[in-house]
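Take a look at the structure below.
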Amino acid sequence: MIEARDIMKTDVISSKRERRRKRASGVTLIEVMAVTVILTITVVGTSGYRYYSSLNAHWAQEQIAAARLGQLLCGGWAGVEGDEAYDPMAHLGSELTMAVLAPPNSLPPGFVLLGRYGITLEGVEYRCALAWNDVSPELRALWVSVEWDWREEDPSNPDNALKKSFIVITYVPR
């Protein structure tokens, strides 16, 4: 009789295990909702990451263009040995869209303004100021400042636009 009881106990235990296994093999609604929330957060995060990375790439291209423009103006002016009569529009006007602008509000101390120009590259307007200073009788400093609006200017709030700039200084013999 002991053997029959053990056999019956074993049958009852195994049938309970089978029922548990059947219940455990399905997915509950809470699990489905948790996975849906996790996937939604992942998709929204990925799309936000892609948006901001492309926006930062655009800003980086603007900075690179400004730095190259500063180097181009400074190198062109240094190529004519810092001549006071240098005209970037005559040297580069056929290659770039340029216009003469009003003088800047301030210059570094001791520098004399050569000119201020508006140059448009790929839809972005860069404002460039060129100035010079005789450091010694044999040495002249050439100063080029390139400035642009980093963010679009809001007409209702013009102070919202951030101004970015690069300054390039080189020295040439006189």
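Just a few scattered comments:
- Highest average packing first - 44-54, 60-70, Cβ atoms within 10 Å: 60-70, 44-54
- Test item: Cα-centred dipole of segment 77-138, Lys/Arg +1 and Asp/Glu -1 on Cβ, debye: 300 debye
- Placing pseudo-labels 7 Å out from each Cα toward the beta carbon at residue 100 and residue 125 gives an inter-label distance of 1.8 nm.
- Between residue 169 and residue 107, residue separation times 0.36 nm minus the direct Cα-Cα distance comes to 21.0 nm.
Readers should treat all values here as calculations from the given coordinates under stated rules, not as data from a laboratory. Since the model is a prediction, treat every value here as computed from it, not as a measurement. Because the Cβ atoms are built from the backbone with ideal geometry, glycine has one as well, and the counts that use them run over all protein chains shown.
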